[in-house]
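Here is the structure we will look at, set down as structure tokens.
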Amino acid sequence: GRRGDSGLNSLASIRANFAIKALDGPAGDAVAVSVEREDVVEASEAFRERALVSSRAQYEEMYKRSVEDPDGFWGDIASTFFWKKKFPVKDGKLHSENIDVRKGRVAVEWFKGGETNICYNALDRHVEAGLGDKVAFYWEGNDVGVDAKLTYKEVLERVCQLANYLRSQGVKKGDAVAIYMPMLAELPIAMLACARIGAVHSVVFAGFSAESLYQRILDCKPNIILTSSAVKRGAKIINLKDIVDDALVRASEGGHTVGTCLTFDNNLAIKREDTAWQEGRDIWWQDVVPSQEKKCEVEWVDAEDTLFLLYTSGSTGKPKGVLHTTGGYMVYAATTFKHAFNYHDDDVYWCTADCGWITGHSYLTYGPLLNGASMVVFEGVPNYPDAGRCWEIVDKYNVTIFYTAPTAIRSLMRSGDEPVKRHSRKSLRVLGSVGEPINPSAWKWYHEVVGDKRCPISDTWWQTETGGFMITPLPGAWGLKPGSATLPFFGVQPAVVDENAQEQHGECSGYLCVKAAWPGMMRTLQGDHDRYETTYFAPFKGFYFSGDGCRRDKDGYYWLTGRVDDVINVSGHRIGTAEVESALVSHPMCAEAAVVGFDHEVKGQGIYAFVTLLEDVEYSEELRKALINAVRSQIGAFAAPDVIHWAPGLPKTRSGKIMRRILRKIASNELDQVGDISTLADTSVVEQLINLRGK
Ligand code: WT7
């Protein structure tokens with residue numbers, strides 16, 4: 001192949017690759033700082049009085065039961081949900097698992113044989129309990145002054161109308177439905193409507209390009225796609241329908257035709273009459289949905305029936321369709337939400353994530369609604385029209401729990417304290433962080449300036465694959481250390497292992513794995529169970545492998561140190577370097593590309609691309625732009641490289657493997673630390689690259 005590491009799929013080389021990464025692991029300041037200072041931040045007495053779990057001892061006791069008797073622990077919690085048919089107990093068990101590839105096929109099931117519906121549990125259950133008039137969504141538009149309020153009863157009615165429409169189009173249990181929408185209330189409503197009728201939603205973040213959307217459509221083959229005419233993000237208007245049209249044409253050419261494109265008229269600058277339209281396929285949401293019945297029969301599904309697919313990036317190849325099922329995910333999303341945010345019925349919750357990512361599934365849609373929470377759904381971006389927007393919204397709705405990503409915190413931090421202090425924020429009680437390691441300085445600013453030192457910070461470590469929080473504080477239960485996600489959630493058994501899959505004990509560092517199944521874990525990768533086993537269970541036999549490195553300190557606290565595979569985390573968006581490389585080489589002038597991450601002040605990691613052009617092609621600014629545009633159109637704007645570094649040659653071993661370790665050192669300008677280069681086929685390449693830095 002054109003890329004140097006095409007042999008990466010063999011297990012031995014996956015392990016070898018991880019091993020290389022660990023030695024010079026991207027520690028960030030989280031680890032470096034934590035070693036020196038052990039300042040522990042305790043919650044106030046007042047906070048602890050309302051804590052669901054108020055001491056580490058109480059947690060230890062609950063945790064012990066959760067790992068010694070997972071069926072009893074989760075069975076008790078699951079019983080508090082509505083089951084059309086109660087999950088059966090077989091030989092005292094409610095779940096079965098094999099996560100050890102040496103013992104056969106990896107398979108995990110929870111509450112199998114039980115029948116339920118997550119939409120019913122998220123909406124109907126609360127309405128029937130008399131909470132119909134409680135606000136479910138405070139929708140806040142991109143522009144100041146544009147907002148709407150929806151109660152549980154109203155959300156349920158809208159969900160039913162859309163579900164009825166989907167049924168009228170022939171959507172049945174098990175069918176995939178693609179969703180490519182901005183953060184309108186209709187986006188979580190669409191997810192719930194699918195769940196109501198047993199359809200499998202596949203939400204694609206509306207920042208992905210037509211090419212990426214097309215690939216996802218081709219993989220899960222939906223017959224219907226839900227979208228919106230346009231979206232305004234900050235000051236920019238993006239015509240989503242055009243992107244969908246493009247993707248649908250590609251899908252048809254690729255062999256899959258999507259029959260219906262239901263388009264929400266977002267009433268923006270792009271008017272109906274100016275929207276490209278294909279009669280017979282395209283239909284305006286407002287023309288067909290509001291006229292539907294406001295009641296819709298629930299489709300009862302097995303606990304192990306698929307709830308959704310969500311595509312995510314890996315270190316190699318095309319995106320993986322992570323598959324989550326219904327029962328275990330429901331119980332897990334709800335329970336983690338409740339405990340990690342110390343949720344109470346009078347809270348107003350705000351998660352800034354987009355439903356296009358797992359956070360928007362578990363902690364914007366399902367987790368909070370399953371708890372009957374009132375929440376803010378925000379269409380816009382944190383710094384529009386200015387850096388005070390978030391705190392203005394916090395005051396407007398009296399938000400008590402605020403959950404965002406370190407990249408947003410760092411970017412707001414740059415605008416100083418004034419935009420924060422201008423607003424009262426006195427309603428805030430708990431702050432959350434997700435997506436990447438939070439550096440202690442951002443943690444402290446968040447705690448001191450945003451939270452006035454009053455609000456515990458839940459730094460939640462988890463992944464698309466885990467379905468819900470894995471390592472997270474339970475606010476009020478134990479002291480926090482800035483930069484540490486602290487302790488495992490109930491039922492989660494982390495293991496820090498070395499390159500020989502040996503579990504480490506006590507204070508240690510290594511690869512973060514998990515020893516046993518938990519209810520929210522993914523069950524397979526769409527259409528590729530082999531890849532599921534190879535990626536997550538084969539590298540360290542007997543364990544689920546997260547792809548992250550971590551350290552455990554003397555108090556048992558976990559400190560995440562970042563990915564140890566070729567996945568980079570840019571502004572909390574997970575991007576496979578292989579995907580960026582393949583986008584770059586799709587440009588006709590590009591012969592080869594190698595992409596690595598580098599520390600970036602705001603984004604956490606930036607994208608640094610080494611590009612080798614075809615012979616005799618001259619470097620130019622124009623070409624640089626064209627290469628960046630190739631990535632924008634293949635993946636999406638969020639994956640655009642920050643740096644293109646011209647590379648006459650790449651540092652390769654004699655067997656042709658690119659030594660990324662060297663590229664990472666060049667990217668981070670640690671030129672005296674490139675290390676041993678004697679195994680390179682051509683050692684002069686390194687000096688050549690160093691000379692071209694910044695050119
Ligand atoms: C990767 C998963 C989970 C929702 C958002 C991202 C990194 C996530 C943390 C955290 C350190 C974190 C890991 C993980 N990550 N949260 N609190 N501390 N790292 O989901 O796109 O599946 O990415 O994000 O590297 O493997 P995702």
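Using DSSP to call loops (not H, G, I, E or B), can you name the trypsin sites (Lys or Arg not before Pro) in region 433-510 whose Cβ has at most 11 other Cβ atoms within 10 angstrom? Working shown, then result.
On the way: sites: Lys444, Lys453, Arg454; in loops: Lys453, Arg454.
Counting only loop positions with at most 11 other Cβ atoms within 10 Å, the trypsin sites (Lys or Arg not before Pro) in region 433-510 are Lys453.
Straight Cα distances below 14 angstrom link Lys294 to the aspartates and glutamates Asp124, Glu154, Glu157, with same-chain residues fewer than 8 positions distant left out. Taking amide H as placed 1.01 Å from N in the peptide plane, Ala591 has its amide H under 5 Å from the amide H of Thr612, Leu613, Leu614, each at least 5 places away in sequence or on another chain. In terms of distances greater than 20 angstrom between alpha carbons, the cross-link table entries Lys515/Lys541; Lys93/Lys515; Lys232/Lys318 yield Lys232/Lys318.
Which entries in the list Lys173/Lys221; Lys173/Lys320; Lys64/Lys90 go over 20 Å, if you measure between the two C-alpha atoms of each? In this structure, Lys173/Lys320; Lys64/Lys90 lie more than 20 Å apart at Cα. Applying a 4.7 Å cutoff between beta carbons, the unpaired cysteines of the chain are Cys119, Cys194, Cys220, Cys261, Cys351, Cys355, Cys390, Cys455, Cys508, Cys513, Cys550, Cys590.
Whole-Hz Karplus values for region 177-188 come out as 10, 8, 10, 10, 9, x, 7, 8, 4, 5, 6, x Hz, taken residue by residue from phi with 6.51 cos²θ - 1.76 cosθ + 1.60 and θ = phi - 60°; glycine and proline positions read x.
Highest mean packing comes first when the peptides 502-511, 69-78, 484-493 are listed by Cβ atoms within 10 Å, giving 484-493, 69-78, 502-511.
When Thr561, Thr151 are sorted by how many other C-beta atoms sit within 10 angstrom of their C-beta, beginning with the fewest, the order is Thr151, Thr561.
Using R₀ = 22 Å, calculate the FRET efficiency as 1/(1 + (r/R₀)^6) where r is the Cβ-Cβ separation of Asp452 and Arg422; round to 0.05. With R0 = 22 Å, the Cβ-Cβ based efficiency is 0.95.
The trypsin sites (Lys or Arg not before Pro) found in region 658-693 that occupy coil by DSSP, while having at most 14 further C-beta atoms within 10 Å, are Arg693. Per residue, the average separation of C-alpha pairs within less than 8 Å and at least 6 apart gives region 155-248 a relative contact order of 30 percent.
Please arrange Leu240, Leu262, Leu671 by how many other C-beta atoms lie within 10 Å of their C-beta, fewest to most. Walk me through the intermediate numbers first.
Numbers: Leu240 22, Leu262 25, Leu671 13.
Listed from fewest to most nearby Cβ atoms, that is Leu671, Leu240, Leu262.
Report summary: the helix-based calculation at 222 nm, which adds -39500 (n - 2.57) for every DSSP H run with n ≥ 4 and divides by the residues of the chain, gives -8000 deg cm²/dmol.
Of all DSSP beta bridges confined to the chain, the antiparallel ones make up roughly 60%. Peptides 580-591, 209-220 ordered by packing proxy, namely the average of other Cβ atoms within 10 Å per residue, highest first: 209-220, 580-591.
For Ile471, the residues whose amide H sits under 5 Å from its own are Trp461, Phe489, ignoring neighbours fewer than 5 places away on the same chain, with H placed 1.01 Å from N.
When the trypsin sites (Lys or Arg not before Pro) in region 379-425 are filtered for DSSP coil states and for at most 11 other beta-carbon atoms within 10 Å of their beta-carbon, the remaining sites are Arg414. Listed peptides 320-327, 592-599, 274-281 appear in the order 320-327, 592-599, 274-281 once ranked by packing, highest mean of other Cβ atoms within 10 Å at the front. Running Debye on the chain with equal point scatterers at the Cα sites and no solvent, what base-10 log of I(q)/I(0) appears at q = 0.05, 0.11, 0.12 Å⁻¹? Each listed q corresponds, in turn, to -0.22, -1.20, -1.46. In order along region 308-315, the phi-based Karplus estimate (6.51 cos²θ - 1.76 cosθ + 1.60, θ = phi - 60°) of 3J(HN,Hα) comes to 7, 10, 9, 7, 9, 8, x, 7 Hz; Gly and Pro are listed as x.
For the residues Arg563, Arg196, what sequence is obtained by ranking on other C-beta atoms within 10 Å, fewest first?
On the way: Arg563 23, Arg196 27.
Ordered by Cβ neighbours within 10 Å, fewest first: Arg563, Arg196.
Database remark: amide H of Ala495 closer than 5 angstrom to the amide H of Cys513, Val514, Lys515 (H placed geometrically; neighbours at sequence offset of 5 or more, or on other chains; Pro and chain starts carry no H).
The string of couplings for region 49-61 from the Karplus curve (6.51, -1.76, 1.60, θ = phi - 60°) is 4, 9, 6, 5, 10, 10, 8, 5, 4, 5, 4, 4, 5 Hz, one whole number per residue in order, with x for Gly and Pro.
List the relative contact order of the chain as a percent without decimals, with contacts defined as Cα pairs under 8 Å and 6+ residues apart.
Values: 1493 pairs, mean separation 106.9, N = 695.
Worked out over the chain, it gives 15 percent.
Assuming R0 = 22 Å, what is the FRET efficiency of Asp39 and Glu507, from their Cβ-Cβ distance, to the nearest 0.05?
On the way: r = 18 Å, r/R0 = 0.82.
So, using R0 = 22 Å, E works out to roughly 0.75.
Computed from the coordinates by the stated procedures, all read-outs in this text should not be read as laboratory data. Note that the coordinates shown come from a computational prediction; the quantities given were computed from them, not determined experimentally. Every residue, glycine among them, receives a Cβ derived from its backbone with ideal geometry; neighbour counts consider all protein chains shown.
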